[in-house]
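The values are calculated or read from the model by the stated rules, or taken from the named source; none is laboratory data. Keep in mind that what you see is a predicted model, and the values were worked out from it rather than measured. Note: ideal-geometry Cβ built from the backbone for every residue, glycine included; neighbour counts use all protein chains shown. Side chains are part of the model used for accessible areas, which takes the heavy atoms of the whole protein and leaves out ligands, DNA and RNA. Shrake-Rupley method; radii C 1.70, N 1.55, O 1.52, S 1.80 Å.
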Amino acid sequence: MLIGLSILLISILIAWYELPRLWKQGCKKTVWLYVILMLIGNVLATLKGMGKILPNPGDGITFLMAPLSKLLLQMGLIK
């Protein structure tokens, strides 16, 4: 619990420093992207800090690309 709160506090401090400057420059899309990526990072870091097992991104990519690879092999486009 303490790890999750620490990560959240550090993220809020970083956002407090970065976001007003980006907003004043008119980078509204960048601000939204920053917030979304920060939230994803907070969730993943908190889960990892709490000892939860996170899935390997390579497994998901393999799952998605395996059918395409088989199709390209059958068509003879790759060896």
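Table for the structure above
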| item | result |
| --- | --- |
| Exclusive hit being open to solvent by 90 Å² or more (accessible area, probe 1.4 Å) and aliphatic (A, V, I, L, M), set 71, 13, 22 | 13 |
| Residues of region 59-79 classified as small (Gly, Ala, Ser) and part of a loop (DSSP other than H, G, I, E, B), total | 1 |
| Flag if residue 36 is at pLDDT 85 or above and either β-branched (Val, Ile, Thr) or open to solvent by 60 Å² or more (accessible area, probe 1.4 Å) (or both) | yes |
| Enumeration of residues in region 22-58 that are within 25 Å of residue 4 (Cβ to Cβ), in a helix (DSSP H, G or I) and not hydrophobic (A, V, I, L, M, F, W, C) | 34, 41, 42, 46, 48, 49, 57 |
